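Visitor: Sharing a structure, written as structure tokens. Questions coming.
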Amino acid sequence: MRDLALLPKAHLHLHFTGSMRVPTLVDMAAAYGVRLPEALIDNDPLRLPPTERGWFRFQRLYDAARACVRSEADMRRLVHEAAADDAAEGSGRLEIQVDPTSYAPFVGGITPAVEIVIDAARAASAEHGIEVGVIIAASRMKHPLDARTLARLAARYAGDGVGEVVGFGLSNDERRGDTSQFGPAFDIARRAGLAAVPHGGELLGPDHISEVMRELVPDRIGHGVRAAEDERLLREIVDRGVALEVNPGSNIGLGVYGEASEVPLRTLVDAGAEIALGADDPLLFGTRLVDQYEIARTAHGFTDAELSRLAASSIRASRASSSTKARLLADVDAWLAAPDPADAFGALSAGGTVTIG
Ligand SMILES: [Zn+2]
């Protein structure tokens with residue numbers, strides 16, 4: 001039972017506003033005189049039965065939180081705190097996802113909004129000893145031409161250096177929008193060398209994932225857990241080397257699964273899928289990165305060796321440089337090679353004399 005916060009890992013599914021600490025949200029709301037819904041502050045999404053958790057409630061709370069981010073300083077604070085929190089949880093690589101549209105009106109446009117996030121990501125990386133890359137995400141709720149505009153903007157800042165844009169996503173309610181209409185935006189992103197990382201297969205099942213695979217040609221799928229319901233699809237995902245950003249806390253928070261043990265993590269891993277566990281929106285779901293690994297350990301019986309393979313998988317699925325990947329993977333091996341504290345205790349109590357004082 002090694003310490004999971006010390007296990008080196010990459011965090012590939014974290015939304016900008018959703019990463020916010022509750023006290024930070026409370027601070028910002030107070031500064032702007034915004035009255036927050038109680039559910040955002042008590043940080044206990046699970047007090048509702050799974051059938052009442054649902055997308056619309058989530059969307060309403062997310063919008064309320066986003067309405068409190070209104071300045072360059074707020075945006076920088078979010079990136080810095082997300083990087084600090086991730087680093088404290090053993091993450092060596094964070095790829096944070098942002099739709100700059102919502103923040104654009106407060107900072108003079110969409111381009112400055114992106115520049116601020118990139119600049120903050122670079123500064124936060126240096127300050128907290130973690131690499132932060134940026135994913136620009138379009139929304140399914142908006143016109144597909146909007147997505148193309150965002151893809152062109154993302155392409156302009158594409159790069160594999162720290163703080164640069166590494167991917168292009170598509171987020172928001174999976175049931176909205178025509179997936180095929182977003183294909184051209186992903187073509188623009190792909191031509192710029194960006195990873196295609198659309199959401200899919202959380203609220204909707206295998207048909208939706210097949211459509212995302214066909215129309216958007218993803219490198220990774222945000223969620224994709226419900227591929228577990230279709231063996232042939234899962235095989236295709238594995239064969240094509242598409243990684244799945246699995247967020248158990250989110251699945252439970254949205255009532256997709258009633259409890260942690262129902263998230264089909266074993267099925268996905270046993271099929272050979274490349275998995276990157278992520279927190280999605282800690283602010284809304286009340287669980288952070290290490291909690292996802294704790295779920296794998298306690299609800300699914302993953303051993304330390306299996307957990308180290310999950311962490312390695314997240315690192316491989318990231319857009320980190322090959323040298324960063326090699327360094328983090330070596331650190332994962334070192335984590336597993338270190339003695340298990342439980343063994344040390346076992347050896348002591350089995351054979352040793354314990355001296356107190
Ligand atoms: Zn997400």
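Rule-based calculations on the coordinates, nothing more; no lab input. Only a predicted model underlies this, so the values are computations on that prediction, with no experimental measurement involved. Virtual Cβ from ideal backbone geometry, glycine too; neighbours counted across all protein chains shown.
Visitor: Starting with the highest mean, order 250-256, 222-228 by the number of other Cβ atoms within 10 Å, averaged over the residues of each peptide.
Guide: Details: 250-256: 24.1, 222-228: 27.3.
Listed from highest to lowest mean packing, they are 222-228, 250-256.
Visitor: To the nearest µm²/s, what D does Stokes-Einstein give for segment 234-353 at 10 °C and 1.306 mPa s, using the Kirkwood radius over alpha carbon pairs as Rh?
Guide: Working: Rh = 15.8 Å.
In µm²/s, the coefficient is 100.
Visitor: Compare the peptides 93-105, 8-20, 73-85, 322-334 by average per-residue count of other Cβ atoms within 10 angstrom and give them in order, highest first. Don't skip to the end; give the middle numbers.
Guide: Details: 93-105: 22.8, 8-20: 27.1, 73-85: 20.7, 322-334: 14.9.
My ranking of the peptides, most packed first, is 8-20, 93-105, 73-85, 322-334.
Visitor: A further question follows. Between D27 and R240, what is the label-point separation in nm under the 7 Å Cα-to-beta-carbon projection?
Guide: Inter-label distance under the simple model: 4.3 nm.
Visitor: Could you tell me the ratio Rg/Rh of segment 110-186? Both radii from Cα atoms, Rh via Kirkwood.
Guide: On the Cα set of segment 110-186, Rg over Rh gives 1.04.
Visitor: Among A320, A276, A31, whose mean-square fluctuation peaks in a Gaussian network model of the chain (Cα, cutoff 10 Å)?
Guide: It is A31.
Visitor: About its Cα centre, how strong a charge dipole does the chain have in debye, to the nearest 20, once Lys and Arg get +1 and Asp and Glu get -1 at the Cβ? All intermediate terms of the calculation are to be shown ahead of the outcome.
Guide: Numbers: 37 positive and 51 negative charges, 164 e Å.
Dipole of the chain, to the nearest 20 debye: 780 debye.
Visitor: Pick from D27, D291, D219: which residue has the top mean-square fluctuation in a GNM of the chain where Cα pairs under 10 Å get a spring?
Guide: Between D27, D291, D219, it is D27 that shows the largest mean-square fluctuation.
Visitor: Further question on the same structure: For the chain, what does the helix formula give at 222 nm: sum of -39500 (n - 2.57) over DSSP H segments with n ≥ 4, over the residue count, nearest 500 deg cm²/dmol? Before the final figure, lay out the partial values.
Guide: Details: 18 runs with 183 residues, N = 357.
My calculation for the chain gives -15000 deg cm²/dmol from helical runs alone.
Visitor: In addition: Can you bin every Cα-Cα distance in the chain into 20 Å intervals starting at zero and give me the percent of pairs per bin, rounded to whole numbers?
Guide: Over the chain, the share of Cα pairs per 20 Å bin runs 31, 59, 9, 1 percent.
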